[in-house]
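Asker: One structure coming up, written as structure tokens, with questions to follow.
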Amino acid sequence: MFSFAGIATAVLDEHGTVVGWSEAARDLLGRTAEEVCGRPFRDLVAGDRAGPA
């Protein structure tokens with residue numbers, strides 16, 4: 001049997017809004033569910049990137 005326990009997951013709705021965030025995602029990325037749920041996922045992955053070099 002395969003278990004997803006401990007796997008970092010983000011659940012998105014049809015608009016790309018984060019509606020679910022696992023504890024493993026918090027541990028991996030350092031953001032709580034309260035910080036990310038309700039926000040567009042694209043805002044989270046864009047982060048503070050400096051852009052192309």
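Asker: Under a 5 Å amide H to amide H cut-off, with H placed in plane at 1.01 Å, what residues pair with residue 20 once short-range neighbours are removed?
Answerer: The answer is 11.
Asker: Also, quick follow-up: Give the carbon-plus-sulfur fraction of the accessible surface of segment 1-42 in %, rounded to a whole number; probe 1.4 Å, heavy atoms of protein chains only.
Answerer: Looking at segment 1-42 in its full context, I get 58 percent from C and S.
Asker: Between residue 37 and residue 7, what FRET efficiency comes out of the Förster formula 1/(1 + (r/R0)^6) with R0 = 22 Å and r the beta carbon distance, rounded to 0.05?
Answerer: The formula returns an efficiency of 0.80 here.
The values are calculated or read from the model by the stated rules, or taken from the named source; none is laboratory data. Predicted model only: the values in this text are computed from it and were never measured. Reconstructed Cβ throughout: ideal geometry from the backbone, glycine too, with neighbour counts over all protein chains shown. The protein model used for the area step is the full one, side chains on, heavy atoms only, and it has no ligands, DNA or RNA in it. Shrake-Rupley method; radii C 1.70, N 1.55, O 1.52, S 1.80 Å.
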